[in-house]
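Everything on this sheet refers to the single structure shown next.
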Amino acid sequence: MPVSPLPDFIVKDAVTRALAEDQGGRGDLTSLACIPAGEEAKFYFKARDTGVLCGLQPAIEAVWQMDPDALVKCHLSDGDTLSPGDIIATANGQARALLAAERIALNFLGRMSGIASFTKRYVDAVSGTRARIAHTRKTTPGLRAFELQAVQAGGGAMHRFGLDDAILIKDNHVAVCGSVGAAVRAARQHAGHMTRLAVEVDRLDQLAEAIGAGAESVLLDNFSLDDLRAAVAQAGGQVTLEASGGVNLDTVRAIAETGVDVISVGALTHSAPNFDIGLDWD
């Protein structure tokens, strides 16, 4: 699936911090000890599993920060399907620099391709239904932009990026305000007409209250399949219905078949397995 590039400053900053963390104050002692200065090398980034590629931007940035003159050729693009043995990219440059960049480049590629591949499994599982698979804010601190780009690469839908994206009234907001209706009405009065308003409910009897108070989206938290079906029938298309809680690859198809519009899955970013990509020498 086509992937929107991240802003350069976000990529550069994250990669700079990652390289600094990895090298400390003395650099790559192993390469400095073993590899002659000025030695040139060519390396291949290769897939070792089947999945979806993501993470080329930070991987290439890691190489260029270590060797600005390195020649990098990408043979695939973020969002492309990977098979074992596929050559993702080649890098020609200073051997010491490329080896110093190796782990950071592979960390970004492995993490992001893992999320993209995991997301694709969920997207495929609900194929043929109306449901879209969306991420949550359960992301690695400081790396949200990268992880949500990976969700996009896997075919997932975008949810809130951060707290300033939209109003999402959760159970604790409701508890403080006193009721679903009171929370929605207060938020509606505060928000501008361009701000989308969603509210989380954990009981079916709260749905009519949410709709009546002016919610545009309702998050159905940990609803049973029967209650999800009832909510879809009751809402009648008046609002976007999002199911969350208890979602995994064994349950997601049945949830989608209830007729909800969106299924949010925290596991996309907090539990995706790493994707195996290696750097091989020519």
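The values are calculated or read from the model by the stated rules, or taken from the named source; none is laboratory data. This one's a predicted model, so the numbers in the text were calculated from it and none came from an experiment. Here the Cβ positions follow ideal geometry from the backbone for every residue, glycine too, while neighbour counts run over all protein chains shown. In case anyone asks, the SASA skips ligands and DNA or RNA and just uses the protein heavy atoms, side chains included. Shrake-Rupley method; radii C 1.70, N 1.55, O 1.52, S 1.80 Å.
Given Cα pairs under 8 Å that are at least 6 residues apart, what percent is the relative contact order of segment 1-96?
Working: 131 pairs, mean separation 37.8, N = 96.
Computed over segment 1-96, the figure is 39 percent.
Can you give the FRET efficiency for LYS42 and ASN222, using 1/(1 + (r/R0)^6), R0 = 51 Å, r = Cβ-Cβ distance, to the nearest 0.05? Please report the intermediate quantities before stating the final value.
Numbers: r = 53 Å, r/R0 = 1.03.
With a Förster radius of 51 Å, E is 0.45.
Please report the antiparallel percentage of the DSSP beta bridges confined to the chain, to the nearest 5.
Values: 18 of 36 bridges.
Here the antiparallel bridges make up roughly 50 percent for the chain.
So, how do all the Cα-to-Cα distances of segment 185-224 break down into 10 Å bins, in percent, from 0 on up?
30, 52, 17, 1
At 4 °C and 1.567 mPa s, grab the translational diffusion coefficient of the chain from Stokes-Einstein with a Kirkwood Rh over Cα pairs, rounded to a whole number in µm² per second. Each step should come with its number before you reach the end.
Details: Rh = 20.7 Å.
Approximately 62 µm²/s, per Stokes-Einstein.
In units of 2.2 N^0.38 Å, what is the alpha-carbon radius of gyration of segment 92-148?
Working: Rg = 16.0 Å, N = 57, 2.2 N^0.38 = 10.2 Å.
Cα Rg divided by the expected 2.2 N^0.38 Å: 1.56.
With n ≥ 4 as the cut-off for DSSP H runs, can you work out [θ] at 222 nm for the chain, using -39500 (n - 2.57) per run divided by the number of residues, rounded to the nearest 500? Could the numbers behind the result be given before it?
On the way: 11 runs with 119 residues, N = 282.
-12500 deg cm²/dmol, from helical runs alone.
Report the paramagnetic label zone for ALA233: residues of segment 200-217 whose backbone N is under 20 Å from a point 7 Å from Cα along the Cα-to-Cβ axis.
Taking a point 7 Å out along Cα→Cβ of ALA233, the residues of segment 200-217 whose backbone N falls under 20 Å are 202-212.
Take every Cα-Cα distance within segment 190-282, group them into 5 Å bins from 0 onward, and report for each bin the whole-number percent of pairs it holds.
With a bin width of 5 Å, the distribution comes to 2, 12, 23, 19, 13, 10, 7, 4, 3, 3, 2, 1, 1, 0.
Among 79-86, 214-221, what's the highest-first ranking by average C-beta atoms within 10 angstrom per residue? Walk me through the numbers before you get to the answer.
Working: 79-86: 15.4, 214-221: 22.1.
Ranking the peptides 79-86, 214-221 by packing returns 214-221, 79-86.
In debye to the nearest 20, how big a dipole does segment 118-176 give about its Cα centre with +1 on each Lys and Arg Cβ and -1 on each Asp and Glu Cβ? Could the numbers behind the result be given before it?
Values: 9 positive and 5 negative charges, 31 e Å.
About 140 debye.
If I ignore ligands, DNA and RNA and count only protein heavy atoms, how much of LEU32 is accessible to a 1.4 Å probe, in Å² to the nearest 10?
The value for LEU32 is about 90 Å².
Between ARG17 and ASN274, take the C-beta separation as r, use R0 = 30 Å, and let me know the FRET efficiency to the nearest 0.05. Kindly include the intermediate steps, with their values, before the conclusion.
Values: r = 20 Å, r/R0 = 0.66.
After rounding to 0.05, the efficiency reads 0.90.
Simple spin-label model, 7 Å along Cα-to-Cβ: LEU32 to LEU71 in nm?
For the pair LEU32/LEU71, the computed spacing is 2.9 nm.
Let me check I've understood the local charge: for THR136, count other residues with C-beta under 14 angstrom from its C-beta, Lys and Arg +1, Asp and Glu -1. What total comes out?
Values: positive: ARG132, ARG137, LYS138, ARG144, ARG160, LYS170; negative: GLU147, ASP165, GLU200, ASP221, GLU242.
In short, +1.
Sort 61-72, 188-199 for me by packing, meaning the mean count of neighbouring Cβ atoms within 10 Å per residue, highest on top. Display every interim value, and only then the final one.
Working: 61-72: 19.2, 188-199: 13.5.
Answer by packing, highest mean first, reads 61-72, 188-199.
Sort 17-26, 97-106, 37-46 by packing, meaning the average of other beta carbons within 10 Å per residue, with the highest value first.
Numbers: 17-26: 12.6, 97-106: 23.5, 37-46: 15.3.
Result, highest mean Cβ count within 10 Å first: 97-106, 37-46, 17-26.
With each label point set 7 Å from Cα along the Cα-Cβ vector, what nm distance links ALA186 and ASP282?
For the pair ALA186/ASP282, the computed spacing is 6.3 nm.
Just report the Cα centroid separation between segment 247-282 and segment 76-152, whole Å.
Cα centroid to Cα centroid, the span is 12 Å.
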